[in-house]
Amino acid sequence: MRAEIKLITPEFASELLKMNIGNRKINHQKDNYSYMMKNGEWKENGEPIIVDVNGFVKDGQHRLSAVIESNYSYLCPVIYDVNPDVMDTIDTGSNRSLGDVLQLNGFNQSNGLASLLKAVYQYEKGLLVGFVGNGDRGKKDKFLSNNKGLEIAKEKQKELKKLLTTSTNIYNKVDSKLRILNVTQIGLILFILGGYDFTHEHVNFLKNITGVKLSEGTASTWVYKKLLSNKLNKVSVQSLWKNNAIVKAWNCYVGGDIPVTYLRIDNKTQEKPLKLG
């Protein structure tokens, strides 16, 4: 084997990938790497490109493909003349998640914090399709790199901690069988309605819509019971309907929380939340 430090240019990457035979199919990781390269988030971490004695790329195809797509160049070790029969020993460990990175940097509740941070980031960037759906996203969370997530976590540490703590407290007050929202969904709705400076009124509404305290005859209670019934009866409901139902309940809450017996929920266009005051 021999090793060189090479400037991985789009041209050099293309040459290496001409021999890219018998490797894994390119997956979304390439898009993640490309996004990082285009946005100045890529770091030269010393992870090598591995090429066997026949010139086949054994490890690094996603990075090479991202270099071509993003028209980016960076310095990287290239290991040549590796035995061809090595794929079972390469890249066997799992990549670190954002939760892992936050934990290594001293953050508590790192996985929950990572999930909420990603959701808030997606919402602010306009990447999120549904905030109470089952993973409905326009471009998924792959475009938030670990280093960018860590940067945001450090910058907004107090605000995110407050948001996560409040959401967790609300979630824990509901019986596990009667929950219609998880911690991340509660936190995101709280953020959408009130931002990082959410108030007691925002928290009070989230308690209503999650079933912590029910006020009979209100829009919040109607929506909660409807979503709970769907969950218990395993009725599939579109994310847009769920989102609009919650936003409509919030708008009724802001408008004085007048008694209701039925809400007409639009399933075609996005409801916009009203501001307090």
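A few comments on the model shown:
- Under the condition of being within 12 Å of Ile68 (Cα to Cα) and open to solvent by 70 Å² or more (accessible area, probe 1.4 Å), the residues counted in the stretch 1-46 number 3.
- Filtered by the rule that a residue be among the hydrophobic types (A, V, I, L, M, F, W, C), surrounded by 14 or more Cβ atoms within 10 Å (Cβ to Cβ) and part of a helix (DSSP H, G or I), the stretch 214-249 gives Ala219, Trp222, Val223, Leu227, Leu228, Leu240, Trp241, Ala245, Ile246, Val247, Ala249.
- The stretch 117-135 - residue that is open to solvent by less than 60 Å² (accessible area, probe 1.4 Å) and over 10 Å from the mean Cα position of the chain (by Cα) and, of those, modelled with the lowest pLDDT: Gly133
- One residue stands out in the stretch 136-160 among those that are in a helix (DSSP H, G or I) and among the small types (Gly, Ala, Ser): the one that is modelled with the lowest pLDDT, namely Gly149.
- Counted residues, the stretch 202-213 - those being open to solvent by 30 Å² or more (accessible area, probe 1.4 Å) and either of a type in the set (Val, Ile, Thr) or not in a helix (DSSP H, G or I) (or both): 2
- Flag if Lys268 is surrounded by fewer than 21 Cβ atoms within 10 Å (Cβ to Cβ) and either farther than 27 Å from Lys158 by Cα or touching a Lys or Arg at 6+ places or on another chain (Cβ under 7 Å) (or both): yes
- Residue within the stretch 250-262 that is out of contact with any Ser or Thr (no Cβ under 7 Å at 6 or more places or on another chain), in a helix (DSSP H, G or I) and surrounded by 20 or more Cβ atoms within 10 Å (Cβ to Cβ) present: yes
- Residue within the stretch 193-201 that is in a helix (DSSP H, G or I), over 25 Å from the mean Cα position of the chain (by Cα), more than 25 Å from Lys158 (Cβ to Cβ) and in contact (Cβ under 8 Å) with a residue 24 or more places away in the chain present: no
- Filter result for the condition that a residue is closer than 30 Å to Leu113 by Cα and modelled with pLDDT under 90, over Asn83, Asn27: Asn27
The values are calculated or read from the model by the stated rules, or taken from the named source; none is laboratory data. What you see is a predicted model, and the numbers here were worked out from it, not measured in a lab. Glycine also receives a Cβ, built like all others from the backbone with ideal geometry; neighbour counts cover every protein chain displayed. Note: areas computed on protein heavy atoms with side chains; ligands, DNA, RNA excluded. Shrake-Rupley method; radii C 1.70, N 1.55, O 1.52, S 1.80 Å.
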